[in-house]
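Presented below is the structure to which this report refers.
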Amino acid sequence: MRHRTWPLAALGLAALATTAAADQLRSDAREAALTLEGYQVTARLVDGTAHLRVRYDVVNGSRVADRARLQLELPTGAVVVGLRQRVAGGWVPGRLLAATVAQARYDAYLDTPFVAARGAAHLSGGGAFHDLAISFVPAHGRVGVEYEVVVPACYAGGHWLVSFPKLAPDPTVVAVGGARASVARAGALLGAPLAEACAAYWPQAPGADDHVLVWAAAEIVGATGVVTSLAVAGATVTAIDVAVAPTLAARPRRPAVVFVVDASRSQGDAGVARQLAIVRGYLHFQPDARVEVVVVRRQAVRLFGDLVPAAAALGRLATLPTASLAVGNGSHLDRGLALAATVLAAAPGPRRLIAFTDDRLRPGLTDDQLRAALTALPADAIAHVVLPGAGPAAIARDLEHHLVAAIAPWGGIVAAVGAAGDPAPLVELVRPVRIEQLAIGARALADELREGRGLRTIDVEGAAPVTGWIWGRRWAAIPSATLVARVRAARLALALGTAVDEPVEQALGALAGAVTRFASLVADRPGWTPGGLPDDGLGWRGGGSSSSMCGIPMNLSGYGTLGHGSGTGTGLGGPPDLAPLLAARVAGCAAGLEASPWRLELAVATTGVEVVDVTAAATGVDDATARGRFEVCAVEAGWDLDLDRSFAPFARTYPLSYAR
């Protein structure tokens with residue numbers, strides 16, 4: 001008689017067979033007619049692992065007592081941690097003993113004179129191979145068996161899931177606090193095919209007829225992370241568990257939001273339009289916002305003069321005169337930041353600052369100056385810097401951008417952002433949706449974990465903090481060294497098939513209380529005198545063997561998990577000569593000066609066709625007032641330049657000299 005067990009998908013390295021391997025039940029001495037009855041599975045979820053108790057009766061319908069053997073074909077990752085048998089109306093718990101000691105105890109029940117109607121149950125093996133032997137099944141009687149398996153579950157879509165094949169006969173399955181579902185129904189719950197949603201956990205897709213146990217991950221709020229390091233047998237084994245709730249953080253209620261729009265010439269009309277598209281996308285997810293827009297060229301000006309409701313702000317932006325957002329020379333981001341910070345400092349409630357820039361700033365503007373411009377911004381505000389792009393709606397975080405340091409105290413991000421099409425990705429500017437750059441020490445674990453996703457792994461390179469980024473703030477997993485956490489970590493290390501030396505594996509098994517190749521479970525009373533099968537007068541002799549049915553354990557299986565840039569052109573030749581464009585204007589500025597000789601040093605900084613800074617210093621003019629007027633007139637002449645496309649490839653400061 002063959003009995004299907006419950007091959008369950010173990011996290012990370014479990015082999016989930018689409019065609020279930022079967023527990024094989026057979027007589028181990030007298031070829032009695034043995035069957036299984038009352039098959040039931042009870043499952044509980046504990047800290048992201050499924051604890052399954054499997055119970056059935058081995059029934060002997062023959063006139064002779066017999067021994068029974070079941071080969072349990074469990075998937076890699078199923079860790080057996082308990083056994084008991086029911087004889088004479090009572091349950092006898094199993095003891096975890098060294099494998100050789102457990103085998104010797106069980107062997108004592110074989111081929112020895114009959115003592116009483118009692119025997120031992122012996123569960124041995126490890127990895128993907130386990131063998132259950134029962135030394136005494138009475139004639140026309142039964143022996144109850146129950147064993148416990150711990151299997152890490154898949155975390156996806158805010159749920160914990162365990163998959164197991166369709167069984168024959170179909171057992172009674174009770175998922176305490178959860179529910180049983182088909183593969184299709186589980187996929188519908190997650191909004192994605194189950195194989196896709198759990199791809200990071202299950203190397204093989206579940207079969208269409210498989211069943212799934214599902215629990216809602218109600219215990220996960222925000223981002224949770226637990227790290228447990230075990231110092232065993234001279235090695236350090238670290239279990240890492242990270243999970244992100246279906247909603248990492250709620251959006252703020254009625255926030256004050258100031259958008260700093262870059263209306264510099266380098267943005268052009270198309271760039272301004274992209275910024276407004278991002279503003280619309282942002283307000284799509286924050287319709288209760290109170291909004292102001294600060295427009296930055298050479299100066300920073302408020303567009304509305306007040307914080308207005310989001311709907312009203314969108315209406316005004318759609319009907320503004322063209323001149324209100326016309327591009328001009330100057331990229332004085334610092335002035336825009338300072339004005340926005342002042343507005344937000346006077347606003348009640350949550351505060352958000354979103355500054356747009358193409359990062360083509362005047363050379364004299366330092367990151368320290370930008371940070372200083374935000375001095376008035378309250379510490380509880382969030383500041384983002386957005387580099388608008390022409391692509392579809394997407395957010396590409398840049399952790400290495402030079403502006404990261406400027407906004408670091410306010411916990412926001414610097415990101416290249418597109419806004420075309422579905423605005424869904426823009427929600428990340430409203431609230432965080434992922435942990436990024438997850439690492440243990442300096443070693444990367446994952447580029448990101450999005451909402452409803454998790455990571456579970458074992459590290460054997462030494463203990464180190466597990467950290468990541470949520471927006472612009474550092475996130476860290478919590479270390480735990482409780483006994484419960486240590487046992488769980490040891491079981492996970494065994495479940496994930498962690499490659500360790502034998503002494504480490506043995507120590508992990510002992511801490512986990514698990515069946516391994518070094519330890520087995522024996523269910524009998526320590527005070528019992530071992531005895532074999534009775535002589536039923538049918539010519540049977542004790543015989544039998546304690547060897548496994550297949551001899552060689554199954555092999556373990558496993559498996560490994562809008563940009564912004566700049567460059568320089570080639571073959572462009574030198575930059576155009578800027579001096580002739582200002583000669584007439586400078587001469588006009590000097591018209592009112594005395595006839596004595598003078599000299600003017602003018603520096604004009606450009607990024608392509610845009611003028612971003614102008615400075616002037618005159619000599620030879622003794623009258624301070626006249627000299628000041630001359631310098632101001634020359635600076636304004638520089639700012640009034642309208643450069644053609646020949647200047648576009650060059651970002652430089654032009655030193656200019658004029659004299660009389």
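The values are calculated or read from the model by the stated rules, or taken from the named source; none is laboratory data. None of these values were measured; they are calculated from a predicted model. Ligands, DNA and RNA are stripped out before the accessible areas are found, and what is left, the full protein with its side chains, is counted by its heavy atoms. Shrake-Rupley method; radii C 1.70, N 1.55, O 1.52, S 1.80 Å.
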Practice problem: Would you kindly compute the Cα radius of gyration of region 29-177 and its largest Cα-Cα separation (Dmax), both in Å? | Solution: 16.6, 59
Self-check item: Stokes-Einstein D (µm²/s) once Rh is taken as the Kirkwood radius of region 199-254 over alpha-carbon pairs, at 20 °C in 1.002 mPa s
Solution: 140
Quiz item: To the nearest 10 square angstrom, how much accessible area does LEU344 have with a 1.4 angstrom probe?
Solution: 0
Exercise. Just read off the accessible area of HIS159 with the full protein assembly in place, 1.4 Å probe, to the nearest 10 Å².
Key: 40
Practice problem: Using a 1.4 Å probe and ignoring any ligands, DNA or RNA, find the accessible area of PHE285 and quote it in Å² to the nearest 10. | Solution: 50
Practice problem: Heavy atoms only, probe 1.4 Å: what % of the accessible area of region 392-481 goes to carbon and sulfur, would you let me know? | Solution: 56
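Considering only protein heavy atoms, what per residue accessible area in square angstrom results for the chain with a 1.4 angstrom probe?
42
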Quiz item: For region 324-379, what log10 I(q)/I(0) values come out of the Debye formula at q = 0.13 1/Å, with one point per alpha carbon and no solvent?
Solution: -0.36
Quiz item: Taking only the alpha-carbon positions of region 308-448 and ignoring solvent, what does the Debye formula give for the base-10 log of I(q)/I(0) at q = 0.21 Å⁻¹?
Solution: -1.56
Quiz item: Separation of region 94-134 and region 582-596 by C-alpha centroid, Å?
Solution: 107
Practice problem: Working with all protein chains in place, sort HIS332, HIS402 by solvent-accessible area computed with a 1.4 Å probe, largest first. | Solution: HIS402, HIS332
Practice problem: Tell me which label goes with the value of mean projected area of the Cα convex hull in nm² computed from the coordinates here: [x] 33.8; [y] 38.1; [z] 32.1. | Solution: [y]
Quiz item: If you wrap a convex hull around the C-alpha atoms of region 150-231 and split its volume per residue, what is the figure in Å³?
Solution: 134
